[in-house]
1. Starting from the 7 Å offset along Cα-to-Cβ, what nm value, one decimal, do you get for the label separation of Arg64 and Gln21?
2. Subtracting the Cα-Cα distance from 0.36 nm times the residue separation, let me have the gained length for Glu46 to Asp14 in nm, one decimal.
3. So what's the net charge close to Pro31: Lys and Arg +1, Asp and Glu -1, counting the other residues with Cβ under 13 Å from its Cβ?
4. Applying a 10 Å radius around every beta-carbon, put 6-17, 21-32 in order of their mean neighbour count, most first.
5. Just want the answer: with Cβ charges of +1 for Lys and Arg and -1 for Asp and Glu, which residue in Ala34, Gly66, Ala49 is farthest toward the dipole's positive end in the stretch 9-70?
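Bear in mind that the values in this text are calculations on the coordinates, not laboratory data. All figures in this text were calculated on a predicted structure; none of them were measured in a lab. All Cβ positions, even for glycine, are placed from backbone atoms using ideal geometry, and neighbour counts span all protein chains on display.
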Amino acid sequence: MSVDPTVPLRPQLDRIEEKLQDSIEEVCEQPPVARVNTGELIKIEESLAIASEAAKEAVSIRRRLGADGRRGETELRPEA
């Protein structure tokens, strides 16, 4: 999944954050690593790779939104 310049950033960010959240939840629901078989460990690895890519994309979009915000576009509110 990559940033599509023809689509507004906010919907893309929402979709990517959801994908990131889903991937993290999938990994967190797994049993302890010592108790999973190799196939399950490969699935965990794949989920973490997906989460890593989604996090990178979310950072990129958030930075772009911040830059746009300084130019008068919608800016993200920092979390407390």
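1. Taking the simple label geometry, Arg64 and Gln21 are separated by 2.1 nm.
2. Result for the pair: 9.4 nm of gain on full extension.
3. Working: positive: Arg35, Lys43; negative: Glu26, Glu29, Glu40.
Here the charged neighbours net out to -1.
4. Values: 6-17: 14.4, 21-32: 12.3.
The densest-packed peptide leads the list: 6-17, 21-32.
5. Of Ala34, Gly66, Ala49, it is Gly66.
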